[in-house]
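Report on one structure; see the data block that follows.
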Amino acid sequence: MLHIYRQITGLERCRPVVIAQKREGVDRFPFEPVYVVGKPPTHFLRRFWFRQLRAMPWQISRMELESLLRILRKTDARLLHIFFGHIAVHLLPLVRAWQNPSIVSFHGADVLVDMDKPAYRKATKEMLDAVKRVLVRSESSRRAVVDLGCDESKIDIMRTGIPLDEFPFRERSFPQNGEWRFVQACRLIEKKGLPTSLRAFAGFAARYPGSRLTIAGDGPLLAEVQELARELKINNRVSLTGFISQEKLREIFYASHIFLHPSETGRDGNQEGIPNSMLEAMASGLPVFATQHGGIPEAIENGVSGVLVRERDHEALTRSLLEASQDRHLLSRIARRGAEVVAEKFDRRVQVQTLEELYLEALAAPSART
């Protein structure tokens, strides 16, 4: 994922080594060294045995454990950083077998999914007890991890880092002819609130028929999004770009007037931390209309650095958009303050420095092997 790549490649005092199950996008994410430990031939059966027959999260096999330990010894690794909590549960045998400190990051989606299942909750608690530090992206995620039984003294907030030089602030000139341009950039999954975006846009477009919505991203809900756009009779005003490059996304940002991100809690408990695309949009000068969900209120103060409505409330979102279309000063004000918030709290350079300090602190602890 891009935000992880930004963290890894920004390190200066620590030398990162990447271990993954597979490697993709080499041109987009150039990096060395990367060690690949693929899934064993029995992975599907093992996963089925754990998840379907025993209703518990699967964990790596002895063969995978030995492969990972060999790489850690070969690279003289001193600290293991596991991105995503549910991956750390799968890797619990490694955390227990390795003698050096382990850190796990939670990003939002991996905090509460499947936590209604006792075996999943128990395994997560065991993992939280075994790791040295726990990093979360927001206060809301911190509270959720504490509720899972994590020792509060282990937890640090590690904000996502936005490269501000790639998203310089530009003041928007808002349309006088009603040709408003909206954008939402995200994976097409339930928690992104895409039906709310479409319904709110349909209400707005009834007043401003020249308006357009661009949804940048791909995912399993593509067909549902297309069908809803047809039902709402806005399919000729909605552009679905699929996955696009960062360069193309920036072009869309600077050609747009308002960014939408009405996130909601998924049926499986999936929640946002603080969406990266939202922060990038804020940095670029787009006024953001989002929801009171997850970590979003930690980046947006309603009416000050953006506009927030309740989850799944497309009518409130439509009203807010229509009101804002008549108040260009509000849009300019929240756009400028939103960019200032990203610069103050989410600057990539500052966040990477903070991460390195956490790494070095964990390595300096008495329990860490020299």
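Each Lys and Arg adds +1 at its Cβ and each Asp and Glu adds -1 at its Cβ; summed about the Cα centre, segment 164-345 shows a dipole of about 520 debye. Expressed as a fraction of 2.2 N^0.38 Å, the C-alpha radius of gyration for segment 164-345 is 0.93.
Kindly state, to the nearest 0.05, the FRET efficiency for GLU166 paired with ILE71, given R0 = 30 Å and r defined as their beta-carbon distance.
On the way: r = 32 Å, r/R0 = 1.07.
With R0 = 30 Å, the Cβ-Cβ based efficiency is 0.40.
Relative to the Cα centre, the charge distribution of the chain, modelled as +1 at Lys and Arg Cβ and -1 at Asp and Glu Cβ, gives a dipole magnitude of about 800 debye. Secondary-structure-derived ellipticity at 222 nm for the chain, considering helices only, amounts to -12500 deg cm²/dmol, per-run term -39500 (n - 2.57) for DSSP H runs with n ≥ 4. One chain, two ends: ARG207 and ARG15. Fully extended at 0.36 nm per residue, the span grows by 63.6 nm beyond their Cα-Cα distance.
Packing around the peptides 179-186, 152-159, 192-199, taken as the average count of other Cβ atoms within 10 Å per residue, puts them in this order, highest first: 192-199, 179-186, 152-159.
Given LYS122/LYS191; LYS39/LYS192; LYS125/LYS345; LYS192/LYS248; LYS74/LYS117, which pairs have Cα atoms separated by over 27 Å? Those over the limit are LYS39/LYS192; LYS125/LYS345; LYS74/LYS117.
With an 8 Å cut-off on Cα pairs and a minimum separation of 6 or more residues, tell me the relative contact order of the chain in percent.
Computed value for the chain: 17 percent relative contact order.
Bear in mind that the values in this text are calculations on the coordinates, not laboratory data. What you see is a predicted model; the values in this text were computed from it and never measured. So basically every Cβ, Gly included, is an ideal-geometry build from the backbone, and we count neighbours across all protein chains shown.
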